[in-house]
1. Per DSSP H run of at least 4 residues, take -39500 (n - 2.57); add these up for the chain, divide by its residues and hand me the 222 nm value, nearest 500 deg cm²/dmol.
2. Once fully extended, how much extra length lies between VAL80 and THR28, figured as 0.36 nm per residue of separation less the alpha-carbon to alpha-carbon distance?
3. Could you tally the net charge around VAL80, taking each other residue with its Cβ under 10 Å from the Cβ of VAL80, Lys/Arg +1 and Asp/Glu -1?
4. Quick check: the angle from helix 3-17's long axis to the longest principal axis of the chain, C-alpha only, nearest 10 degrees?
5. Tally Lys and Arg at +1 and Asp and Glu at -1 over the other residues with C-beta under 15 Å from the C-beta of VAL27: what net charge comes out?
6. For GLU40, what is the net charge nearby, where nearby means another residue's Cβ is under 11 Å from its Cβ and Lys, Arg count +1, Asp, Glu -1?
7. At a 10 angstrom cut-off on C-beta neighbours, averaged per residue, how do the peptides 44-52, 5-13 rank from highest to lowest?
8. Any number yet on Rg/Rh for the chain, C-alpha, Kirkwood?
Amino acid sequence: MNKTDYTETVKLIQKMAGTSAFVYGVVTAFRGENRTIKAEIQPSGIETGWCRCLQGAFADKVGLEVLLGRIAEGKTQRYVVLGILE
């Protein structure tokens, strides 16, 4: 992804996510070796990058719903998995 596409994606995420620090997501991929996941943010459908998970919050099945905490770092957005929704 080039810098312009990345900047536009960040703007879109900010617009779709609103001002809440918490968002819902659905797991789209996971890596067991470093306990990270990717999730599709709901309802926007935007996929996150690889997210670290709080202890006990690692979701090892595609399709699980998770609660994500959004961390703004300047113009970038990162997410941390806070828990699995049941």
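1. On the way: 1 runs with 15 residues, N = 86.
My calculation for the chain gives -5500 deg cm²/dmol from helical runs alone.
2. Details: separation 52, 0.36 × 52 = 18.72 nm, distance 1.48 nm.
17.2 nm is the gain from fully extending VAL80 to THR28.
3. Working: positive: ARG52, ARG70, ARG78; negative: none.
Charge balance near VAL80 sits at +3.
4. 70
5. On the way: positive: ARG31, ARG35, LYS38, ARG52, LYS61; negative: GLU40, GLU47, ASP60, GLU65, GLU86.
Cβ neighbours under 15 Å give a net charge of 0.
6. Values: positive: LYS38; negative: GLU47, GLU65.
Surrounding charge for GLU40 is -1.
7. Values: 44-52: 14.9, 5-13: 12.8.
In decreasing order of mean packing, 44-52, 5-13 become 44-52, 5-13.
8. Working: Rg = 12.4 Å, Rh = 12.9 Å.
The Rg/Rh ratio comes out at 0.96.
Each reported figure results from applying straightforward, stated rules to the coordinates on display, with no laboratory input. Keep in mind that this is a model prediction, so the values were computed, not measured. Every residue, glycine among them, receives a Cβ derived from its backbone with ideal geometry; neighbour counts consider all protein chains shown.
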